[in-house]
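S.K.: To start, I am sharing the structure in question, which I have written as structure tokens.
Values in this text are rule-based calculations from the coordinates and carry no lab data. Worth saying up front: this structure is predicted, and the values here are computed from it rather than measured. With ideal geometry, Cβ positions are generated from the backbone for all residues, glycine too; neighbour counts draw on all protein chains shown.
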Amino acid sequence: MTVVNRFLNYVSFDTQSSETVDTTPSTAKQMLLAQALKAECEAMGLIEISLDEHAYLMATLPPSPCTVHPVPTIGFIAHLDTSPDMSGKNVKPRIVENYDGKDIVLNEKENIVLSPKMFPELLQHTGEDLIVTDGTTLLGADDKAGIAEIMTAIQYLIDHPEIKHGKIRIAFNPDEEIGMGASKFDVALFGCEWAYTMDGGEIGELEYENFNAASAKVIVKGLNVHPGYAKNKMRNAGLIAMQFAGMLPATERPEHTEGYEGFFHLTGMTGTVEEATLSYIVRDHDRNKFEQRLKQLQEVTDYLNNIYNEVVKLEIKQQYRNMREIVEPQKHIIELAKNAMTAVGVTPIIRPIRGGTDGAQLSFKGLPCPNIFAGGLNFHGRYEFVSIQSMEKAVEVIVNIAKFVPLQA
Ligand SMILES: [Zn+2]
């Protein structure tokens, strides 16, 4: 089966995850794809296959016989679920062959058009074959392209015993899109020295830096008095909250930052005279700058408490950390992926992620885990598409990584 056949099969499963429940998997339908993949692993002759009640599927491709020296066990991971942002039910994928660089009408009736005017990155794929939606759902290339690539690469290694490789583990997990993909991931059971998530976008993407992240809640307690008699008595919580927000640097917000620049992001606010709250997320790639930002919040809190007599409470919650500090000391993990790409003519594009990944959480659970492209674009919406040629390259990259590990060991 080709990577395309596999992909078209997997997107026929609706695996949308849900932010509103606490169970894992968040939606039972994710288990159906996990079960289908389990059967596929069995049919391929993989061993050590496990599927737990939380829809984490793992399997092993045993090492080639008689490798001379011990070879590290490595893994490849992709996620089963699709984004809660848009429906993934009744996906009707269509293949646009030999893309000509013009508008692609996804849905004539509803006038939904995938246009290079809106998405100039389309033009980098002229001459390629693109899989698109019918404009009513997302496609699910995030991350079923990743699943299809891993399964196809494993089958390729089975069919080509002349390629010598070590033990390879694969895992498919639920609920990545709601930030819970790593939460019940059994790193010890997976048993790899390192792994790669196949969950990036554009061909060439290789990511191992993400934000350090925390959320902060500011709660201001006011004192309400009849406004006619409020002199020297009233404390207006809403105004004190505004003062708090005004003391944070205006240029360090998401709308003014890019690359390695961190920010304070006001995600929500409520306020009356009696009580006001501000909700922030705080992000920075640099650990020291990140700590500095949290300190800054505390300083503003202290300043206002000094003026208004202990009215502001600050609650900080750590969310995730930059995996760079785990991955970078083990340069070979990145070098291997880079070499695997350049060997098939793909130029590695290394950029910091302005967000988090499951790989970051896995890295801190003891499994260093950079992210490699799966080839899709415009994730989480109706304009999502994937290039067949990019998917084929991703398969070759996985095969090469498997092939290069014993040579590197
Ligand atoms: Zn994804």
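S.K.: In deg cm²/dmol and to the nearest 500, what is the mean residue ellipticity at 222 nm of the chain if only DSSP H runs of at least 4 residues count, each as -39500 (n - 2.57), divided by the residue total?
M.R.: -9500 deg cm²/dmol
S.K.: Taking amide H atoms as placed 1.01 Å from N in the peptide plane, list the residues 5 or more away in sequence, or in a different chain, whose amide H sits under 5 Å from that of Tyr196.
M.R.: So Tyr196 has HN proximity to Gly75, Phe76, Ile77.
S.K.: Please give the peptides 89-96, 249-256, 351-358 ranked by average Cβ packing (other Cβ atoms within 10 Å per residue), highest first, as a rough proxy for protection.
M.R.: In decreasing order of mean packing, 89-96, 249-256, 351-358 become 351-358, 89-96, 249-256.
S.K.: Using the basic label-point model (7 angstrom from Cα toward the beta carbon), what is the Lys89 to Glu274 distance in nanometres?
M.R.: Taking the two extended label points, one gets 4.1 nm.
S.K.: A follow-up question, please. Taking a spot 7 Å from the Cα of Met1 along the direction of its beta carbon, which residues of segment 153-191 have an amide N less than 13 Å from it?
M.R.: Counting only backbone N, you get 153-156.
S.K.: Give me the dipole magnitude in Debye, nearest 20, for the chain about the Cα centre, with unit charges on the beta carbon: positive for Lys and Arg, negative for Asp and Glu.
M.R.: Once rounded to the nearest 20, the dipole reads 1020 debye.
S.K.: While we're looking at this one, here's another question. In segment 1-150, what percentage of the DSSP-assigned beta bridges are antiparallel, given to the nearest 5?
M.R.: Restricted to segment 1-150, the bridges split so that about 90 percent are antiparallel.
S.K.: Let me ask you something else. For segment 1-97, take the convex hull of the Cα atoms, compute a quarter of its surface area, and give me that in nm², please.
M.R.: That works out to 8.9 nm².
S.K.: Another question, if that's okay. What helices in the chain pass both tests, a Cα length along the helix axis of 15 Å or more and a mean Kyte hydropathy of -1.0 or higher, using whole DSSP H runs?
M.R.: Span-like helices here: 29-44, 141-159, 331-342, 388-408.
S.K.: Reachable aspartates and glutamates from Lys217, Cα under 19 Å, same-chain residues fewer than 8 places away excluded?
M.R.: Cross-link targets: Glu252, Glu274, Glu275, Asp284, Glu291, Glu299, Asp302, Glu310, Glu315.
S.K.: What is the distance, in nm, between label points placed 7 Å from the Cα along the Cα-to-Cβ direction at Ser18 and at Gln296?
M.R.: Result for the modelled spin labels: 4.0 nm.
S.K.: Please name which of Tyr303, Asn232, Leu80 has its Cα lying farthest along the dipole of the chain towards the positive end, using unit charges on Cβ (Lys, Arg +1; Asp, Glu -1) and the Cα centre as origin.
M.R.: Checking the options against the dipole of the chain, the answer is Asn232.
S.K.: Additional query: Calculated FRET efficiency, Gln35 and Glu193, Cβ-Cβ r, R0 41 Å, to nearest 0.05?
M.R.: 0.90
S.K.: Once fully extended, how much extra length lies between Gln318 and Leu123, figured as 0.36 nm per residue of separation less the alpha-carbon to alpha-carbon distance?
M.R.: Computed gain between Gln318 and Leu123 is 66.2 nm.
S.K.: On to the next question. Once both labels are modelled 7 Å past Cα along the beta-carbon direction, what's the Lys403-Ala43 spacing in nm?
M.R.: About 2.7 nm, to one decimal.
S.K.: Sorted by mean Cβ packing within 10 Å, highest first, what order do the peptides 50-62, 314-326 take?
M.R.: In decreasing order of mean packing, 50-62, 314-326 become 50-62, 314-326.
S.K.: Same structure again: For the chain, report the convex hull volume of the alpha-carbon atoms normalised per residue, in Å³, without decimals.
M.R.: Looking at the chain, the number lands at 163 Å³ per residue.
S.K.: To check you understand DSSP bridge types, tell me what percent of the beta bridges within the chain (both residues inside) are antiparallel, rounded to 5.
M.R.: DSSP beta bridges in the chain are roughly 75 percent antiparallel.
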